[in-house]
Every structure is written in C-alpha cells, then in structure tokens.
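The values are calculated or read from the model by the stated rules, or taken from the named source; none is laboratory data. In this text the structure is predicted, and so the values were computed from the model without any measurement. In this analysis, Cβ positions are derived from the backbone assuming ideal geometry, glycine residues included, and neighbour counts consider all displayed protein chains.
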Amino acid sequence: MNMVKLEMMVGSFMLIGILCLGYVSIKLGKMEIIGGGDYYSIVAGFDSVSGLKPGARVEVAGVDVGKVDRIALDAKSGDRALAYLKIKSGVKITDDVIASVRTSGIIGDKFIKLRPGGSDKMLKNNDKIRETESAIDIEELVSKFIHGKVE
C-alpha cells in the first residue's frame, strides 16, 4: 500500500512540474494559445520591408504596442509590400501617424516604429496608415558608393 501511495505522489509532482514547465515556455515564448489577445489590426504599405519578419515588434516612443501579423505583396499595385499590424486595443493610433521600418542596433532585427501626429482622429480596425518610410537597404547604398553613383 505504501508503494502505491508513493507512486501516486511522485506522479502528481511530475504532472504539476510538466504543467509548470509548459506555462513558463508559453510565457517566455510569448505565444498566444486561446483568443490571440485583445488587438485591432491596421495596414501599412511600404516600398520595401527588406528584413522585416512576421512577429516583429511595433513601437511607439520605444514602447512595444503590438507586432507584425503578416506581410504580403499588394495585389492592386503589385510592387508594394503590405504589413498587417496587430496593435493592443488600449493603444490609440492617430490617422496621421508615420510608420517606419527600423533596425535595432547596427545589425539587429527589423521593427516598425510609429510616430504619432497631431490629429484627433484615431485609426480603427482594418484602417490603413497613409505615411510610411521604407527600410534602408545597406547593400544598395554600398553598391552605389563602390560604383560611384552616390548623389
């Protein structure tokens, strides 16, 4: 009888340990299991999103306010990239915001920086950001410099 009781206790502790490990893994990985959080979506069109990946952070004044949900080619123009952004529902973004693709540090990850304007009108779910600045392509700049085409 004592052996069965010991095995039940060890099994219970193992189960609790596995559940705790799963919870910590999900929290550290910033995964969303159910519902996907409380976000609204906005779209920004760029000439180039070179190096930007889905899951990249979206910042306002250095504070994370959302993430890049997905990136697609604009079906209408065919030569612009559309970045679909998920913004936390408590964060209000003005309709005259400027979205820029930026780099963290010298060789860091790409992210989107939002610079709010002075408008009183706020973006709603599925609205589009009008003003954007594309990523700077370092390889293109170096190529222009090497070939003497710097303006």
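Of the residues contained in region 1-13, none is found to be within 18 Å of R130 (Cα to Cα), of a type in the set (K, R) and at pLDDT 80 or above.
Which of the residues belonging to region 81-104 are of a type in the set (S, T, N, Q) and closer than 19 Å to G55 by Cα? Explain how you work it out, then say what you get.
Of region 81-104, the ones of a type in the set (S, T, N, Q) are 89, 94, 100, 103-104.
Once the filter is applied, which keeps residues that are of a type in the set (S, T, N, Q) and closer than 19 Å to G55 by Cα, region 81-104 yields S89, S100, T103, S104.
Applying the set (1) modelled with pLDDT under 80; (2) loosely packed, with under 15 Cβ neighbours inside 10 Å to S89 leaves exactly one unmet item: (1).
Residue check: D127 meets all listed conditions (1) under 16 Å from the mean Cα position of the chain (by Cα); (2) modelled with pLDDT under 85; (3) not β-branched (V, I, T) but one, namely (1).
Starting from residues that are among the basic types (K, R) and either under 13 Å from the mean Cα position of the chain (by Cα) or not assigned by TED's automatic domain parsing to the domain that holds K128 (or both), keep the ones in region 63-85 and report whichever is nearest to V101 (Cα to Cα). Out of the qualifying residues, it is K67.
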